[in-house]
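Peer 1: Mind looking over this structure? Questions follow.
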Amino acid sequence: MARFILASGSPRRRQLLSEAGYRFEVVSPPVEEVSHDWLTVREITTWNAARKAALVSGTAPDAVVVAADTLVTIDGQVLGKPADFEAAMEMLRRLSGRAHEVWTAVRICHQARNKSESFHELSRVYFRGLDESAIRAYLAKIDPLDKAGGYAAQGSGREIIERIEGSYTNVVGLPMERMRRALRAFGVTAAKPIRPSSC
């Protein structure tokens with residue numbers, strides 16, 4: 001089986017692939033992500049994923065490389081990672097009782113075979129109505145500063161999320177339903193999946 005590299009430092013993406021039974025290496029590319037007003041969310045995420053994949057593929061042309069980029073939007077505005085706790089509070093106030101979108105672009109490439117594929121996934125997330133105490137209680141349980149939108153779907157996410165339309169794993173960090181099919185086309189298959197811990 002081909003060497004497989006995840007071009008991402010995201011612990012959530014690592015966990016999703018590990019729990020699905022994949023064996024892989026991790027390389028976190030030093031890429032500054034672009035985000036310009038004149039680009040659509042789809043264009044931004046696709047461009048960022050492609051740049052990450054290209055950088056890692058250049059140093060490991062024999063490997064199948066996967067890179068991804070995820071953004072959260074509401075009312076057409078991108079919500080990045082909050083700068084501090086108060087910014088995270090403000091993001092959750094804005095998301096409270098409303099729907100927003102989570103966009104992920106994935107790039108898979110094998111430079112030695114001159115083969116690549118890109119795809120895009122959109123999920124819609126509906127938040128419960130949250131008061132100030134609920135927001136503070138939730139943020140006390142996670143680190144919101146490394147998460148787009150200031151929240152995570154996994155773990156305590158059920159406290160703030162009413163429902164998700166589309167891929168749940170996309171909201172976590174990788175749309176695994178499409179990932180499995182795409183990776184098979186590159187000769188990458190999973191071993192026996194690991195059952196996630198209920199703790």
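The values are calculated or read from the model by the stated rules, or taken from the named source; none is laboratory data. All figures in this text were calculated on a predicted structure; none of them were measured in a lab. No Cβ is skipped: glycine too gets one built from the backbone with ideal geometry, and neighbour counts run over all protein chains shown. To get the accessible areas, we keep the full protein, side chains included, count just its heavy atoms, and leave off ligands, DNA and RNA. Shrake-Rupley method; radii C 1.70, N 1.55, O 1.52, S 1.80 Å.
Peer 1: Given the pairs Lys115/Lys147; Lys52/Lys141; Lys52/Lys147, which are separated by over 23 angstrom at their Cα positions?
Peer 2: Lys115/Lys147; Lys52/Lys141
Peer 1: Going 7 Å from the Cα of Asp84 in the Cα-to-Cβ direction, what parts of segment 149-190 have a backbone nitrogen less than 20 Å from that spot?
Peer 2: It comes to 149-151, nothing else.
Peer 1: Can I ask one more? Per residue, how much accessible area does the chain have with a 1.4 Å probe, in Å²?
Peer 2: Per-residue value: 51 Å².
Peer 1: Okay, moving on. In the chain, carbon and sulfur make up what percent of the accessible area (probe 1.4 Å)?
Peer 2: About 50 percent, which is the carbon plus sulfur part of the accessible surface.
Peer 1: Okay, moving on. Translational diffusion coefficient of the chain at 10 °C, 1.306 mPa s, Stokes-Einstein with Kirkwood Rh over Cα pairs, in µm²/s as a whole number.
Peer 2: 91 µm²/s
Peer 1: Could you go through segment 145-150 in sequence order and give the Karplus-derived ³J(HN,Hα) for each residue, using 6.51 cos²θ - 1.76 cosθ + 1.60 with θ = phi - 60°, rounded to whole Hz, and x for Gly and Pro?
Peer 2: 6, 10, 10, 4, x, x
Peer 1: Mean separation of Cα pairs under 8 Å and 6+ residues apart, divided by the residue count of the chain: what relative contact order is that in percent?
Peer 2: After rounding, I find 25 percent.
Peer 1: Continuing with this model, one more query. Show me the ranking of peptides 3-12, 55-64, 138-147 by mean Cβ neighbours inside 10 Å, starting with the highest.
Peer 2: 3-12, 55-64, 138-147
Peer 1: Rounded to the nearest 0.05, what FRET efficiency do Ala134 and Thr40 have when you use their Cβ-Cβ distance and R0 = 45 Å?
Peer 2: Efficiency, from the Cβ-Cβ distance: 0.85.
Peer 1: Per residue of the chain, what 222 nm ellipticity follows from adding -39500 (n - 2.57) for every DSSP H run with n ≥ 4, rounded to the nearest 500?
Peer 2: Taken over the chain, the calculation gives -9000 deg cm²/dmol.
Peer 1: How far apart, in nm, are two points set 7 Å out from the Cα along the Cα-to-Cβ line at Ser28 and at Lys115?
Peer 2: Between Ser28 and Lys115, the simple spin-label model gives 3.0 nm.
Peer 1: Would you please put 169-177, 124-132, 88-96 in order of how densely packed they are, using the mean number of other Cβ atoms within 10 angstrom per residue and starting with the highest?
Peer 2: For the peptides 169-177, 124-132, 88-96, the packing ranking is 169-177, 88-96, 124-132.
Peer 1: Next question. Treating the Cα atoms of segment 42-159 as identical point scatterers in vacuum, please give the log10 of the normalised Debye intensity I(q)/I(0) at q = 0.17 Å⁻¹, two decimals.
Peer 2: -0.83
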